[in-house]
1. If you average the sequence gap of Cα pairs under 8 Å that are 6 or more apart and divide by the length of the chain, what percent do you get for the contact order?
2. Given Cβ point charges of +1 (Lys, Arg) and -1 (Asp, Glu) and nothing else, what value in debye, to the nearest 20, does the dipole of the range 4-149 about its Cα centre take?
3. Among 81, 140, 41, pick out the residue whose Cα is farthest towards the positive end of the charge dipole of the range 4-149, where Lys and Arg carry +1 and Asp and Glu carry -1 on C-beta, about the Cα centre.
4. What ³J(HN,Hα) values, in whole Hz, does the Karplus curve 6.51 cos²θ - 1.76 cosθ + 1.60 give for the range 80-93 when θ = phi - 60°, with x put for Gly and Pro?
5. Each label point is 7 Å from the Cα along the Cα-to-Cβ direction; what then is the distance between the points at residue 118 and residue 87, in nm?
6. From the square roots a ≥ b ≥ c of the eigenvalues of the alpha-carbon gyration tensor of the chain, which class results: rounded (a/c under 1.5), prolate (a/b over b/c), or oblate?
7. Please check: in the Gaussian network model of the chain (C-alpha springs, under 10 Å), which one of 141, 33, 12 has the largest mean-square fluctuation.
8. Using a 7 Å offset from the Cα along the Cα-to-Cβ direction at both residue 55 and residue 132, what is the distance between the two label points in nm, to one decimal?
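Readers should treat all values here as calculations from the given coordinates under stated rules, not as data from a laboratory. Computed from a predicted structure; not experimentally measured. Positions of Cβ are generated from backbone atoms using ideal geometry, with glycine treated the same way; all protein chains shown enter the neighbour counts.
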Amino acid sequence: MALRLALYQPDIPQNAGTMMRMAACLDVAVDLIEPAGFDASDRNLRRAGLDYLAHLDLVRHVSFATFEEGRRQAGRRLVLATTRAATSYLDLAYRPTDIVMVGRESAGVPDHVQEAADARVLVPMREGLRSLNVAVTAAMILGEALRQTRPGS
């Protein structure tokens, strides 16, 4: 079992495409938790992810409940990127079986998803600024998780 990236109901196809392209390049599987805030048909995802989607292990989930059921059965830890966290993404000891989740660009994740997370991390930022682009956040956190779990890569 390897590290995974979960996209919780993404709002912006370009961001979803960027994260899926990154995941394909880094050999990280993606869980897409629907409904998305855009037409997430295979045709539209292919356009957003260019030709990289052919190289991506992508699993679609019709809801958070179906994603959560599979995650728990597999015994994977859910690491949520959230501005509501107290722990820096640099201070967490990642595991190769973790699923790193990012939320919707417009609203993050609802409380029940926050509560389901086993760990919550944030990217420390300059005071007074709200958040980074979700794809940038995903890249930073995945980069650290991969550094810790794939030595020498």
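1. Normalised by residue count, the contact order of the chain is 29 percent.
2. Roughly 160 debye, rounded to the nearest 20.
3. 140
4. Coupling constants for the range 80-93: 9, 7, 8, 6, 8, 7, 10, 9, 5, 4, 7, 9, 8, 8 Hz.
5. Using points 7 Å along Cα→Cβ, the separation is 1.0 nm.
6. Taking the square roots of the gyration eigenvalues as a ≥ b ≥ c, the chain is rounded.
7. The residue with the greatest mean-square fluctuation here is 12.
8. That separation, rounded to one decimal, is 2.3 nm.
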